[in-house]
Amino acid sequence: MLKVVNAMGDACPIPVVKTKNAIKELSGAGMVETLVDNEIAVQNLTKFGNSKGFTVSSEKKTKKDFTVTFQIPENSTTSTPAAESAVP
């Protein structure tokens, strides 16, 4: 499944927040493409994806047109496990 996130014109951290939400909506393996218009957003999205263990790639289409692609593996933990959120 492919989800496309349009974060053009959004200042950080909005592109990362929108991307996190799209990944949660996948509920498993798939791809998320986030469209942004600045290098800082590309850097922040790449850091986020790498920290989660996703495969991340980015493409510069024009001066202010970037696509950051996340490959989400089947065994991805995109939400907090119940054991971590349970009150002791």
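The values are calculated or read from the model by the stated rules, or taken from the named source; none is laboratory data. Predicted, not measured: the structure shown is a model, and the values here were computed from it. Counting neighbours? That spans all protein chains shown, and the Cβs are built from the backbone with ideal geometry, glycine included. Ligands, DNA and RNA are excluded from the accessible area calculation, which covers all protein heavy atoms including side chains. Shrake-Rupley method; radii C 1.70, N 1.55, O 1.52, S 1.80 Å.
Among the residues of the range 20-60, write down those that are within 22 Å of N75 (Cβ to Cβ) and open to solvent by 70 Å² or more (accessible area, probe 1.4 Å). Correct list: K20, N21, K24, E25, S27, K47, N50, S51, K52, T55. In the range 46-57, the residues that are under 16 Å from V36 (Cβ atoms) reach residues that are of a type in the set (G, A, S) and open to solvent by less than 90 Å² (accessible area, probe 1.4 Å) with C-beta atoms within less than 7 angstrom, at least six apart or across chains, in these pairs: T46/S58; V56/G49.
Given the condition open to solvent by 70 Å² or more (accessible area, probe 1.4 Å), basic (K, R), in a helix (DSSP H, G or I) and out of contact with any strand residue (DSSP E or B) (no Cβ under 6 Å at 6 or more places or on another chain), answer yes or no: does some residue in the range 9-19 qualify? The answer is no, given that none of the residues of the range 9-19 is open to solvent by 70 Å² or more (accessible area, probe 1.4 Å), basic (K, R), in a helix (DSSP H, G or I) and out of contact with any strand residue (DSSP E or B) (no Cβ under 6 Å at 6 or more places or on another chain). Scanning the range 21-41 for residues that are touching a helix residue (DSSP H, G or I) at 6+ places or on another chain (Cβ under 6 Å) and at pLDDT below 95 turns up nothing.
In the condition set (1) hydroxyl-bearing (S, T, Y); (2) under 11 Å from the mean Cα position of the chain (by Cα); (3) modelled with pLDDT under 95; (4) more than 17 Å from L2 (Cα to Cα), S79 is compliant with all but (2).
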